[in-house]
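**Q** Handing you this structure, nothing more for now.
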Amino acid sequence: QVRLVESGGGLVQAGGSLRLSCGASGSIININPMVWYRQAPDKQRELVATITSGGTTTYRDSVKGRFTISRGNAKNTVYLQMNSLKPEDTAVYYCNAHVTYYDGRNYYTDDYWGQGTEVTVSS
C-alpha cells in the first residue's frame, strides 16, 4: 500500500514563508508527477504546482515567482517552498502523487492523496 504524509503547514503573517513537505512510502516503483493542490474554505480544490520525474515544473499564475516545487534526492518526496505569502494563499494544501507500485505479484498505477496540511496567512 502507498501512503502520502504532508507536513509544514502553520500560521504565518503576510509576506512570510513556509515550506511544505510530502513523503511517499510503500513499494513504489515510480512517481510521475507529484502535485500540490489547495482548497480554501467554500472554494473548489485547485492545482498549485506540478513536478514531473524529469524535473519539469508548472505553476498556477497566482503563485508564479513566489512558490517553488522541488523533489528530494530520493524522488519520493516533494516540497513546496512558499515565499511572499498572501492572505489569499490561506487553504488546506494537499499532496497528490501518480504512483506505480509493486505488491509482490503485480504492478499497479494509481493516484494517491495526502491528508492535507493547513496554511493560514494573516494580514
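**Q** Return the residues of the stretch 94-123 that are in contact with a helix residue (DSSP H, G or I) (Cβ under 7 Å, 6 or more places away or on another chain) and not small (Gly, Ala, Ser); say none if nothing qualifies.
**A** VAL119, VAL121
For every residue, the table says whether it meets (1) without any contact (Cβ under 8 Å) to a residue 60 or more places away in the chain; (2) of a type in the set (Lys, Arg); (3) open to solvent by 40 Å² or more (accessible area, probe 1.4 Å).
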| site | (1), (2), (3) |
| --- | --- |
| LEU4 | no, no, no |
| GLY9 | no, no, no |
| VAL12 | no, no, no |
| ARG38 | no, yes, no |
| VAL48 | yes, no, no |
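**Q** Say we look at the stretch 104-123 and pick out the residues that are of a type in the set (D, E, K, R) and free of Cβ contacts under 8 Å to residues at least 60 places away in the same chain; which of these is least open to solvent (accessible area, probe 1.4 Å)? Give the steps one after another, and end with the answer.
**A** Of all residues in the stretch 104-123, those of a type in the set (D, E, K, R) come to 105, 110-111, 118.
Next, from what is left, pick out any that are free of Cβ contacts under 8 Å to residues at least 60 places away in the same chain: 105, 111.
Numbers: ARG105: 199, ASP111: 78 Å².
Here the residue is ASP111.
**Q** Are there any pairs with C-beta distances below 7 angstrom linking a residue in the stretch 54-76 that is more than 15 Å from VAL35 (Cα to Cα) to a residue that is at pLDDT 95 or above and not in a loop (DSSP other than H, G, I, E, B), with the two at least 6 apart or on different chains, and if so which?
**A** Filtered contacts from the stretch 54-76: ARG66/MET82.
**Q** How many of the residues in the stretch 17-36 are surrounded by fewer than 13 Cβ atoms within 10 Å (Cβ to Cβ) and of a type in the set (Ser, Thr, Tyr)?
**A** So the count comes out to 2.
**Q** Name the residue that is nearest to ASN96 (Cα to Cα), counting only residues in the stretch 8-44 that are at pLDDT 95 or above and hydroxyl-bearing (Ser, Thr, Tyr).
**A** It comes out as TYR37.
**Q** Among the residues of the stretch 93-123, what is the count of those that are among the hydroxyl-bearing types (Ser, Thr, Tyr), over 17 Å from LYS75 (Cα atoms) and modelled with pLDDT under 95? Write out each step before concluding.
**A** At the first step, the residues of the stretch 93-123 found to be among the hydroxyl-bearing types (Ser, Thr, Tyr) are 93-94, 100-102, 107-109, 112, 117, 120, 122-123.
Now narrow it down to the ones that are over 17 Å from LYS75 (Cα atoms): 93-94, 107-108, 117, 120, 122-123.
Still in the running and modelled with pLDDT under 95: 107-108, 123.
Selection size over the stretch 93-123: 3.
**Q** In the set VAL78, VAL63, VAL48, VAL92, which member is within 15 Å of the chain's Cα centre (by Cα) and under 15 Å from ALA24 (Cβ atoms)?
**A** Details: VAL63 fails: under 15 Å from ALA24 (Cβ atoms); VAL48 fails: under 15 Å from ALA24 (Cβ atoms); VAL92 fails: under 15 Å from ALA24 (Cβ atoms).
Checking each option against the conditions leaves just VAL78.
**Q** Just a yes or no: is a residue in the stretch 72-87 charged (D, E, K, R), modelled with pLDDT of 95 or more, in a strand (DSSP E or B) and open to solvent by 50 Å² or more (accessible area, probe 1.4 Å)? Lay out the reasoning, then the answer.
**A** First, the residues of the stretch 72-87 that are charged (D, E, K, R): 75, 86.
With modelled with pLDDT of 95 or more added as a condition, the list becomes 86.
Then drop every residue that is not in a strand (DSSP E or B), which leaves none.
So far as the stretch 72-87 goes, no, none of its residues is charged (D, E, K, R), modelled with pLDDT of 95 or more, in a strand (DSSP E or B) and open to solvent by 50 Å² or more (accessible area, probe 1.4 Å).
**Q** Which members of the stretch 88-100 meet the condition of being among the aromatic types (Phe, Trp, Tyr) and open to solvent by 10 Å² or more (accessible area, probe 1.4 Å)?
**A** Here is the first cut: in the stretch 88-100, the ones among the aromatic types (Phe, Trp, Tyr) are 93-94.
Listed by number, the list holds a single entry, TYR94.
**Q** How many of the residues in the stretch 54-70 are open to solvent by 60 Å² or more (accessible area, probe 1.4 Å) and either within 23 Å of ARG3 (Cβ to Cβ) or in a loop (DSSP other than H, G, I, E, B) (or both)?
**A** Adding up the residues that qualify gives 5.
The values are calculated or read from the model by the stated rules, or taken from the named source; none is laboratory data. Computed from a predicted structure; not experimentally measured. Here the Cβ is made from the backbone with ideal geometry for all residues, glycine too, and neighbour counts use every protein chain on show. Ligands, DNA and RNA are excluded from the accessible area calculation, which covers all protein heavy atoms including side chains. Shrake-Rupley method; radii C 1.70, N 1.55, O 1.52, S 1.80 Å.
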